[in-house]
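Everything on this sheet refers to the single structure shown next.
The values are calculated or read from the model by the stated rules, or taken from the named source; none is laboratory data. Please read all numbers here as calculations on a predicted model, not as lab measurements. All Cβ positions, even for glycine, are placed from backbone atoms using ideal geometry, and neighbour counts span all protein chains on display. Note: areas computed on protein heavy atoms with side chains; ligands, DNA, RNA excluded. Shrake-Rupley method; radii C 1.70, N 1.55, O 1.52, S 1.80 Å.
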Amino acid sequence: IPTTLKVNPATGQYNVATQVSGVLTNSTTTAPIANEPVTFKLNGLETCTGTTNTSGAASCFVTPGETPGSYPLTGTFAGDTTVSPHLSGSTGSNTFVVTPDPTVTVYTGATTATNGSPATLSGVLTAFGNALPNKTVTLTLGTGGTAQSCTGTTNAVGSASCVIGSVNQTVGSVPVTDTFAGDNFYLPSNGASSVTVSPPPPIPTTLKVNPATGQYNVAT
């Protein structure tokens, strides 16, 4: 019996298990064919196998490791000579679109700072709750022309930090942001908070009084 395998298009995020599916039918009668294995392959690399149900539909999960873009998705039914009449093999194809993963940045650094003194800014970058190491995060204190920025690289737990050497902001509550610009695999994101900036402390002074000698009732 000749068969037809229709592969459905699919879209999935980078490095996230995504369901792919297809339908196997009798080419002559279009009747669904059940209980047969169908193997799917993404870009000739990631593969999985599902078994058709009573509607002829088979599905399974692949995890794309490709950069975002469109890739071929193929399905293969090898045929079955154990049933009578025998089933011939068939193939199908469609497109799998890989999309970048969303990210979340959260500010975790200093909440207070003093003008004229250093301040350590930091943030954590994650995707689906998992830390993203070796990514550049820009941390910015203030806004506009007076903003002060520095960059840090995330470590194994997704944390990046850097130091503003000498804070120079208006006194009071100042916005602070941590920004990931995104890359080929991950979407950009921003975290925001605020830092309370205080004026520099007074400069300590010393008053030394010199000894003197003067005549009675004479200005000295």
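Yes or no, residue by residue, for (1) free of Cβ contacts under 8 Å to residues at least 12 places away in the same chain; (2) among the basic types (Lys, Arg):
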{"position": "SER166", "(1), (2)": "no, no"}
{"position": "GLY172", "(1), (2)": "no, no"}
{"position": "THR177", "(1), (2)": "no, no"}
{"position": "PHE180", "(1), (2)": "no, no"}
{"position": "PRO188", "(1), (2)": "no, no"}
{"position": "SER193", "(1), (2)": "no, no"}
{"position": "LYS208", "(1), (2)": "yes, yes"}
{"position": "PRO211", "(1), (2)": "yes, no"}
{"position": "GLY214", "(1), (2)": "yes, no"}
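I'd like the full set of residues that are buried (at least 16 other Cβ atoms within 10 Å of the Cβ) and farther than 19 Å from SER173 by Cβ, limited to region 100-121. Listed by number, the residues that qualify are PRO100, ASP101, THR103, VAL104, THR105. Exactly one residue among THR143, THR153, THR136 is polar (S, T, N, Q), surrounded by fewer than 21 Cβ atoms within 10 Å (Cβ to Cβ) and within 25 Å of VAL197 (Cβ to Cβ), and that residue is THR143. At pLDDT 95 or above, closer than 22 Å to PRO200 by Cβ and not hydroxyl-bearing (Ser, Thr, Tyr), is that true of ALA156? It is false that ALA156 is at pLDDT 95 or above, closer than 22 Å to PRO200 by Cβ and not hydroxyl-bearing (Ser, Thr, Tyr).
Which one is nearest to ALA127 (Cα to Cα), of the residues in region 23-57 that are open to solvent by 60 Å² or more (accessible area, probe 1.4 Å) and in a strand (DSSP E or B)? Checking each candidate, the answer is THR47.
The lone criterion from (1) in a strand (DSSP E or B); (2) closer than 30 Å to ASP101 by Cβ left unmet by GLY65 is number (1). Of the numbered criteria (1) surrounded by fewer than 16 Cβ atoms within 10 Å (Cβ to Cβ); (2) touching an Asp or Glu at 6+ places or on another chain (Cβ under 9 Å); (3) not basic (Lys, Arg), the one ALA212 fails is (2). For VAL20, all conditions in the list (1) of a type outside the set (D, E, K, R); (2) outside any loop (DSSP other than H, G, I, E, B); (3) closer than 23 Å to THR99 by Cβ; (4) open to solvent by 20 Å² or more (accessible area, probe 1.4 Å) hold save one; what is the number of the exception? Failing condition for VAL20: (4). Do you know which residues across region 172-220 are charged (D, E, K, R) and either farther than 30 Å from VAL98 by Cβ or out of contact with any strand residue (DSSP E or B) (no Cβ under 8 Å at 6 or more places or on another chain) (or both)? Passing the criteria: ASP183, LYS208. In region 47-60, the residues that are farther than 8 Å from VAL23 by Cα form Cβ pairs under 9 Å with partners that are among the charged types (D, E, K, R) and in a loop (DSSP other than H, G, I, E, B), at six or more places apart or across chains, as follows: THR51/GLU36.
The set of residues from region 162-177 being in a strand (DSSP E or B) and surrounded by 13 or more Cβ atoms within 10 Å (Cβ to Cβ) comprises CYS162, VAL163, ILE164, VAL174, PRO175, VAL176, THR177. Of the residues making up region 203-218, none is touching a Gly at 6+ places or on another chain (Cβ under 7 Å) and either at pLDDT below 95 or in a strand (DSSP E or B) (or both). Of the residues making up region 178-192, those that are open to solvent by 50 Å² or more (accessible area, probe 1.4 Å) and outside any loop (DSSP other than H, G, I, E, B) are ASN190, ALA192.
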